[in-house]
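Nothing in this text is a laboratory measurement; each read-out follows from the coordinates by a stated rule. The shown structure was predicted, so the numbers you read here are calculated from the model rather than taken from an experiment. Positions of Cβ are generated from backbone atoms using ideal geometry, with glycine treated the same way; all protein chains shown enter the neighbour counts.
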Amino acid sequence: MSEKRNKSDSQTRAVGHASPVWWIVFTNELADLWKGGKGLILVTLYAIILGVQTYVFASNSELSLMTPERMVYETLKAAIAMGAFVSLVIGADSISGERERATLEGLLLTPTSRRQLVLGKFLAALSVWPAALIITVPFFSVLAQGGGVFGQALVWGVLLGSVMATAYTGVGMLVSFWSNSNKTSFFTCLGIYFFFLVPTTLPGAAQAGVTGQFLQWLNPMAAVDNFLINMLVNLKTLAEFQNWLTMPVVFVVLVVGLLFLYAGPALRLEAGAGRRLWPRWGRVAGLLLIACLLASRGAPSAMAFQPSAGKAAPPSATEQFLEY
């Protein structure tokens, strides 16, 4: 209890310092994340998993027949997925963890904008991704074997990995904003993560067809994977597949906007911003998520079969849109 009070008192005294409050919250959260060991443990697990995958690619006789471009793509794909998961976990603990540890009340007593408190926590939660990216660079260098794919993977890894890490950190904090306990926050975030991840693991036949491709385009994680495989493996140009970057950008803008324009100012001791509207809209959102998940798993398989005989049908508006 004394440690909880000390942490709360140090954040409450932030207004007495020359530095902005968001910076004080950021440094306190950063110290708690890294000195407390949570960030180090997650980054170490990230490095171990990525190292095992790289070793398998480099040593397995069958997998070693893969081109360097394909191996780098698979590594970058795994790095972005794991980086997003780590960001989601840290974001999920940011607010509900304060509630559970009874330190949020002292933080809210700070005479400053609550949006600054959220900003400090948000930036601290994002600090894990740069560390994970630095660890990933040597793996790219080994698998690229001196090819030009190393530079491309580094550029797109920094850009798209940062976009997804930012979005998933925001999602974790939004869930944490509506949760009174870490258990609720973590399990909800885990469901959201698999909701976006499952469509990216479907067989290629299930992703074929106009409907399958459109559903992949709607999924930010799947859109990033499709963009990367075409840029790094199929050697396509940016002009041909820049449309696949639309949903990741929309996703991160929407999440960050909700976090700082809605959740940040409404931060309070209880979970959520209000009890009247949330139960009803929460049920509606849950039904929509279930419907979208069923559609994403069923519709691509139904539309994957394309008749081989007969005259080809004219391209639909959706197909023209995806080709553009």
field: Packing-based exposure ordering (other Cβ within 10 Å, fewest first) of T67, T237, T169, T54
entry: T237, T67, T54, T169
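Hey, fewest Cβ within 10 Å first, where do E240, E29, E69 land in order?
Numbers: E240 13, E29 24, E69 21.
Ranked by crowding around the Cβ, least crowded first: E240, E69, E29.
Among the trypsin sites (Lys or Arg not before Pro) within region 48-156, which fall in a DSSP loop and have no more than 16 other Cβ atoms within 10 Å of their own Cβ? Let's see the in-between values first.
Numbers: sites: R70, K77, R99, R101, R114, R115, K121; in loops: R101.
Listed in order of number, the matching sites are R101.
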message: Neighbour counts of other C-beta atoms within 10 Å: give me Y73, Y262, Y168 arranged from fewest to most.
response: Y262, Y73, Y168
